[in-house]
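Participant: Attaching a single structure in structure tokens format; questions to follow.
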Amino acid sequence: MSLILPKRTVTRRQLLQLSGLSGLGLFLGGCGSTLFSNTVGQMFEPLNQNIEALLLSQKPVPEFPLSAIEPDKLLINTYKFTPDINPAEFRLTIDGEVSHPMQLSMADVKKFPLTSMVIRHVCVEGWAAIVQWGGVRLRDLLALVQPKSSVRYVYFKSADGYLESWDIASAVHPQTLMAYQKNGAPLSANNGAPIRLASPVKLGYKQSKWVTQITLVSNLLPAKGYWEDQGYEWFGGL
Ligand SMILES: Nc1nc2c(c(=O)[nH]1)N[C@H]1C(S)=C(S)[C@@H](COP(=O)(O)O)O[C@H]1N2
Ligand SMILES: [Mo]
């Protein structure tokens, strides 16, 4: 993980990769017809002034070497059931207070650079595991939809009905990933396939599996999260 935070969150290399997205049925809700070129134009812009200021203050959490991975220690923790998701039909919706709401296929998501990190996952139920996660930085997906400057929180909806909400600073942290790999292999259904949150700045219950919708908002709603609404602390920082 680079220790230098780029001023612009989307690099030229990403733009070139993203230019391949136009043929993949990328859905840009509510916009005109030259949608993709408009969006690529937007990507030369910073996330927005408020979020850019946050990025400058963020320090990466130290990571572990590959040799530290504890493959057997990550327990499956699922409050209800493992949803049956067809990865070919799966779409990740990103909407809310954004200029370009989108629905991304997993092929679209995989156009972004793959970031890998070895971090400690900590569950409040009394277990922890050092895990390698691979995926895309959430901040790159958010740059694509261009959040409005009013955005302060991010909601995550999951296919099993799980709900989470995060502060925008933690969401755009350089090590907050939408992960589709675990310990170097494709994510299993139990661990949240096709895509889940993974971050060293939040406790386990904040790390939603089977994420289907990411919604950017300026205020928290009465429902803050599955466990939070039953008394767990909302920020859930590590
Ligand atoms: N959608 C969804 N995400 C979830 C959960 C869940 O029940 N549903 N459990 C959370 C909890 S409490 C933990 S500790 C981690 C566990 O992730 P794992 O099952 O991949 O180890 O997922 C989190 N994300
Ligand atoms: Mo947990």
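The values are calculated or read from the model by the stated rules, or taken from the named source; none is laboratory data. Computed from a predicted model, the values in this text were never measured in an experiment. Here Cβ is always computed from backbone atoms with ideal geometry, including for glycine, and neighbour counts include all displayed protein chains.
Participant: Could you please give the count of residues in segment 180-210 that are within 16 Å of ligand 2 (Cβ to nearest atom), part of a strand (DSSP E or B) and closer than 19 Å to Ala68 by Cα? Explain how you work it out, then say what you get.
Facilitator: Filtering segment 180-210 for residues within 16 Å of ligand 2 (Cβ to nearest atom) gives 182, 190-192, 196-210.
Subset that is part of a strand (DSSP E or B): 182, 196-198, 202.
If we keep only those that are closer than 19 Å to Ala68 by Cα too, we end up with 182, 198.
Residues that pass the stated criteria total 2.
Participant: Can you tell me which of Met102, Met117 is surrounded by 13 or more Cβ atoms within 10 Å (Cβ to Cβ), at pLDDT 95 or above and in contact with an Asp or Glu (Cβ under 6 Å, 6 or more places away or on another chain)?
Facilitator: Working: Met102 fails: in contact with an Asp or Glu (Cβ under 6 Å, 6 or more places away or on another chain).
Sole residue among the options that is surrounded by 13 or more Cβ atoms within 10 Å (Cβ to Cβ), at pLDDT 95 or above and in contact with an Asp or Glu (Cβ under 6 Å, 6 or more places away or on another chain): Met117.
Participant: Mind listing whichever residues of segment 143-172 are within 21 Å of Leu238 (Cβ to Cβ) and in contact with a helix residue (DSSP H, G or I) (Cβ under 7 Å, 6 or more places away or on another chain)?
Facilitator: Filtering segment 143-172 down to residues within 21 Å of Leu238 (Cβ to Cβ) leaves 152-156, 158, 162-172.
Listed by number, the residues that qualify are Arg152, Tyr153, Val154, Glu164, Trp166, Ile168, Ala169, Ala171, Val172.
Participant: Just wondering, is there one or more residues in segment 157-168 that are farther than 22 Å from Glu89 by Cα, assigned to a loop (DSSP other than H, G, I, E, B) and either in contact with a Gly (Cβ under 7 Å, 6 or more places away or on another chain) or of a type outside the set (Gly, Ala, Ser) (or both)? First the steps, then the outcome.
Facilitator: Within segment 157-168, the subset farther than 22 Å from Glu89 by Cα is 164-168.
Keeping just the survivors that are assigned to a loop (DSSP other than H, G, I, E, B) gives none.
No, that holds for no residue.
Participant: A further question follows. Out of all the residues in segment 186-209, which are within 6 Å of ligand 1 (Cβ to nearest atom) and without any contact (Cβ under 8 Å) to a residue 40 or more places away in the chain?
Facilitator: Listed by number, the list holds a single entry, Gly192.
Participant: Additional query: Of a type in the set (D, E, K, R), surrounded by fewer than 20 Cβ atoms within 10 Å (Cβ to Cβ) and more than 10 Å from ligand 1 (Cβ to nearest atom): does that describe Asp140? Please lay out each step first, then the result.
Facilitator: On the way: of a type in the set (D, E, K, R): yes; surrounded by fewer than 20 Cβ atoms within 10 Å (Cβ to Cβ): no; more than 10 Å from ligand 1 (Cβ to nearest atom): yes.
Spelling it out, it is not the case that Asp140 is of a type in the set (D, E, K, R), surrounded by fewer than 20 Cβ atoms within 10 Å (Cβ to Cβ) and more than 10 Å from ligand 1 (Cβ to nearest atom).
Participant: Evaluate segment 61-74: report whether one residue or more is of a type in the set (Val, Ile, Thr), touching an Asp or Glu at 6+ places or on another chain (Cβ under 7 Å) and buried (at least 17 other Cβ atoms within 10 Å of the Cβ).
Facilitator: Applying the first criterion (of a type in the set (Val, Ile, Thr)) to segment 61-74 yields 61, 69.
This time we only want the ones that are touching an Asp or Glu at 6+ places or on another chain (Cβ under 7 Å), so: none.
Looking for residues that are of a type in the set (Val, Ile, Thr), touching an Asp or Glu at 6+ places or on another chain (Cβ under 7 Å) and buried (at least 17 other Cβ atoms within 10 Å of the Cβ), one finds none in segment 61-74, hence no.
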